[in-house]
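This report concerns only the one structure given below.
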Amino acid sequence: MDATVTAGFLRYFQDLADPRRDYLVRHKLSDILIIAILAVICGAEDWASVAQWGCCKAPWLATFLELPEGIPSHDTFARVFSRIDPDAFERCFTAWMQGVCEASQGRLVAIDGKSLRRSFRHGWDKSGMAHLVSAMVSQADNRLVFSQVAVKGKSNEITAIPELLKLLNLQEAVVTIDAIGTQRAITQQIIEQGGDYVLPVKDNQKALLENVESVMTDLVLDHQKGHPSALSVYEQTDEAHGRREVRKLWFSNAVELLRPQVRQAWPGLGGMALVQRERQNYGDFTGQTSVERCFYITSLRQISAERLAGYIRGHWAVENNLHWILDVAFSEDQQRMRVGFAAENHSRLNRIALNLLKREKSVKLGVKNKRLLAGWDNNYLLRLISQ
């Protein structure tokens with residue numbers, strides 16, 4: 001075994017600058033990076049456990065890493081990752097993902113934010129809490145983290161989203177964002193980068209919401225009365241976890257029915273949708289059904305209601321397939337890293353590990369059990385990093 005097993009992965013990170021001064025360098029940055037990623041895959045959640053994992057695996061690691069001074073200490077891991085430029089790290093991460101993800105027409109790019117809840121320095125001052133905005137790309141039956149940027153708080157997501165979009169190849173992609181991203185400048189950027197958008201309309205865009213709600217309500221009423229209307233409809237029913245949910249989507253590309261000043265203000269506007277969700281909890285003996293209505297705009301004009309519903313539900317996968325896994329399988333919300341860029345960079349290690357685990361398909365296991373297997377089987381762990 002030799003260094004070629006990790007060469008394919010490391011070529012995307014070869015331009016990452018070492019933050020240490022030359023006379024302090026005893027361990028190669030590439031060795032530190034590989035050990036940290038492999039340790040995180042196997043369940044390490046802090047720098048002490050990363051270093052301990054490295055010590056336990058030292059003879060095996062020495063077969064493909066240089067390790068001129070042995071395994072770095074936990075202080076070395078902490079110091080290096082707290083100082084690595086997170087923007088440079090992100091560029092390398094994005095380059096890696098672009099190298100392993102094939103662009104395909106109509107792929108979904110879902111963007112959402114997440115706070116690292118234990119990353120503040122003092123309990124009485126949580127202003128330093130790291131908040132990350134991530135883009136997740138659907139590839140075949142996988143959903144992979146493609147890129148992320150850090151902001152100082154959730155309210156700053158509006159400024160971070162354009163920076164994140166710049167890192168992405170949006171050609172023929174469909175971008176979904178929470179209502180905070182329903183901004184004219186963001187829709188313009190998506191269109192200019194060759195993509196399409198599907199965005200919720202809420203109170204932060206009051207004029208747009210009122211107009212879309214009025215037009216779609218009238219169209220749906222005409223449709224229900226049997227009158228001709230420019231609508232396509234899709235309905236889906238799910239029964240699980242003691243709950244029955246009926247989702248219905250009405251889509252119309254008749255944007256000419258919107259007020260001219262509203263229609264002209266939104267670049268590429270091609271359609272609008274109303275989504276209605278009726279939920280009944282079998283444990284609620286009152287028998288009452290809750291009804292929720294949401295409105296959306298999209299640049300897609302020739303699309304079926306069923307496919308549009310798929311994009312809208314696909315956006316929820318950011319919460320279910322990314323944030324939930326990071327919190328449950330990687331315990332990200334419990335990690336206490338508060339010096340320099342440590343929290344942000346460790347979060348990026350988590351996302352690298354998650355992508356490697358999700359891409360590997362030879363073993364039919366969940367993320368948690370794949371991490372256990374990687375800790376038990378060196379050959380499987382090496383397969384993950386060399387794929």
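The values are calculated or read from the model by the stated rules, or taken from the named source; none is laboratory data. Everything numeric here is computed off the predicted structure, so don't read it as measured data. Every residue, glycine as well, gets a Cβ built from its backbone with ideal geometry; the counts of neighbours run over all protein chains shown. The accessibility values were calculated without ligands, DNA or RNA, using every heavy atom of the protein model including side chains. Shrake-Rupley method; radii C 1.70, N 1.55, O 1.52, S 1.80 Å.
Please indicate, with yes or no, whether at least one residue in the stretch 312-327 is open to solvent by 30 Å² or more (accessible area, probe 1.4 Å), at pLDDT below 85, in contact with an Asp or Glu (Cβ under 8 Å, 6 or more places away or on another chain) and closer than 30 Å to Gly271 by Cβ.
Yes, some residue in the stretch 312-327 is open to solvent by 30 Å² or more (accessible area, probe 1.4 Å), at pLDDT below 85, in contact with an Asp or Glu (Cβ under 8 Å, 6 or more places away or on another chain) and closer than 30 Å to Gly271 by Cβ.
Could we say that Gly340 is at pLDDT 80 or above and at positive phi here?
Answer is no for this residue.
Which residues, taken from the stretch 179-196, are surrounded by fewer than 20 Cβ atoms within 10 Å (Cβ to Cβ) and not in a helix (DSSP H, G or I)?
Matches in the stretch 179-196: Gln183, Gln193, Gly194.
Of everything in the stretch 202-244 that's closer than 26 Å to Asn281 by Cβ and buried (at least 18 other Cβ atoms within 10 Å of the Cβ), which residue is nearest to the chain's Cα centre (by Cα)?
Tyr234
With the requirement that a residue be open to solvent by less than 70 Å² (accessible area, probe 1.4 Å) and either in a loop (DSSP other than H, G, I, E, B) or modelled with pLDDT of 85 or more (or both), what does the stretch 104-126 give you?
Ser104, Gly106, Arg107, Leu108, Val109, Ala110, Ile111, Leu116, Ser119, Phe120, Gly123
Under 6 Å by Cβ, and 6 or more places apart or on different chains, what pairs join a residue from the stretch 350-363 that is at positive phi and crowded, with 21+ Cβ neighbours inside 10 Å with one that is at pLDDT 90 or above and part of a helix (DSSP H, G or I)?
none
Of the residues Asp31, Asp18, only one is in contact with a Leu (Cβ under 6 Å, 6 or more places away or on another chain), on the phi < 0 side of the Ramachandran plot and open to solvent by 30 Å² or more (accessible area, probe 1.4 Å); which?
Being in contact with a Leu (Cβ under 6 Å, 6 or more places away or on another chain), on the phi < 0 side of the Ramachandran plot and open to solvent by 30 Å² or more (accessible area, probe 1.4 Å) holds for just one of Asp31, Asp18, which is Asp18.
Go through the stretch 43-85 and give me each residue that's buried (at least 21 other Cβ atoms within 10 Å of the Cβ), touching a Phe, Trp or Tyr at 6+ places or on another chain (Cβ under 8 Å) and not small (Gly, Ala, Ser).
Trp47, Val50, Phe77, Phe81, Ile84
Looking only at the stretch 174-230, count how many residues are among the acidic types (Asp, Glu) and more than 24 Å from His315 (Cα to Cα). So that I can check it myself, show each step before the final result.
Taking the stretch 174-230 and keeping what is among the acidic types (Asp, Glu), we get 178, 192, 196, 203, 210, 213, 218, 222.
Now narrow it down to the ones that are more than 24 Å from His315 (Cα to Cα): 218, 222.
Residues meeting the conditions: 2.
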